[in-house]
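Here's the structure, in structure tokens; my notes come after.
The values are calculated or read from the model by the stated rules, or taken from the named source; none is laboratory data. What you are looking at is a predicted structure, and each value in this text was computed from that prediction instead of being measured. Here the Cβ is made from the backbone with ideal geometry for all residues, glycine too, and neighbour counts use every protein chain on show.
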Amino acid sequence: MKKQQELSDLRKWRRRGFYSEKALVKKLQKNGFNAVRVPVSNPSLHPLPDVIARREQHVYAFEVKNASYYAYFPKKQIVKLFRFLDELIPTPKELKHAVLAAHLGKKWIFRQVPWEAWERDGLLEQERIKKRDKGNFRLVPE
């Protein structure tokens with residue numbers, strides 16, 4: 001019985017993440033991006049983001065989390081964003097962006113991680129976005 005409950009909880013958790021990824025794709029498209037969800041259903045060793053988007057020359061790799069108040073992004077998931085951009089997108093790094101997307105209830109907070117942090121091995125063991133935080137990335141240019 002306990003194992004059945006754990007499986008049920010895991011399915012709910014995955015559905016929540018899938019919902020947020022789909023919602024982000026719609027939000028990006030509404031704001032002028034070309035965007036797709038990467039359909040990887042389990043943690044992978046391949047450097048794949050949850051969502052890939054492009055607007056003009058710029059390419060964006062998003063890691064998406066759905067949470068109530070705090071969203072945690074482990075270092076290895078952030079490294080995957082940079083590996084994807086570095087190894088698979090043949091454009092200058094100024095046009096490539098690694099973005100953490102926290103879906104906290106009805107609120108979205110976006111944090112772009114700077115290339116310098118990855119290049120200097122300065123990534124934290126995990127990034128945390130709180131519901132009261134302000135992001136440093138806007139979907140609509142100012």
Log entry, pairs with first residue in segment 61-73 being surrounded by fewer than 17 Cβ atoms within 10 Å (Cβ to Cβ), second being not in a strand (DSSP E or B), beta carbons closer than 7 Å, six or more apart or on different chains, reads Ser68/Gly105; Tyr69/Lys131
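Taking the conditions exactly as written (small (Gly, Ala, Ser) and within 21 Å of Lys22 (Cβ to Cβ)), does Ala101 satisfy them or not? Break it down into steps so the answer makes sense when it comes.
Working: small (Gly, Ala, Ser): yes; within 21 Å of Lys22 (Cβ to Cβ): yes.
In short, yes.
Report, by residue number, each residue of segment 104-126 that is among the small types (Gly, Ala, Ser) and either surrounded by 13 or more Cβ atoms within 10 Å (Cβ to Cβ) or within 15 Å of the chain's Cα centre (by Cα) (or both). If you could, list the steps in order and put the result at the bottom.
The first filter runs over segment 104-126 and keeps only residues among the small types (Gly, Ala, Ser), leaving 105, 117, 122.
Ala117, the sole residue that qualifies.
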Out of everything in segment 9-45 that is surrounded by 11 or more Cβ atoms within 10 Å (Cβ to Cβ), of a type outside the set (Asp, Glu) and within 20 Å of Val79 (Cβ to Cβ), what residue ends up being modelled with the lowest pLDDT? Gly17
Taking only segment 48-58 into account, find how many residues are within 22 Å of Ala23 (Cα to Cα) and not in a strand (DSSP E or B). 4
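With the requirement that a residue be free of Cβ contacts under 8 Å to residues at least 40 places away in the same chain and within 19 Å of Pro49 (Cα to Cα), what does segment 117-134 give you?
Passing the criteria: Ala117, Glu119.
More than 19 Å from Gln29 (Cβ to Cβ), of a type in the set (Asp, Glu) and not in a strand (DSSP E or B): does that describe Glu116?
Against the criterion (more than 19 Å from Gln29 (Cβ to Cβ), of a type in the set (Asp, Glu) and not in a strand (DSSP E or B)), Glu116 qualifies.
Could you go through segment 59-80 and let me know if any residue there is more than 23 Å from Tyr19 (Cβ to Cβ), in a loop (DSSP other than H, G, I, E, B) and polar (S, T, N, Q). Steps first, answer last, please.
The initial filter retains those residues of segment 59-80 that are more than 23 Å from Tyr19 (Cβ to Cβ), namely 59, 75-76, 79.
Filter once more, keeping what is in a loop (DSSP other than H, G, I, E, B): none.
Checking segment 59-80: not a single residue is more than 23 Å from Tyr19 (Cβ to Cβ), in a loop (DSSP other than H, G, I, E, B) and polar (S, T, N, Q).
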State which residue is modelled with the highest pLDDT when the search covers only segment 128-142 and only residues that are closer than 10 Å to Arg111 by Cα and of a type outside the set (D, E, K, R). Ile129
Which residues, counting only those in segment 87-105, are touching a residue at least 24 places away in the same chain (Cβ under 8 Å) and outside any strand (DSSP E or B)? Glu87, Leu88, Ile89, Thr91, Leu95, Gly105
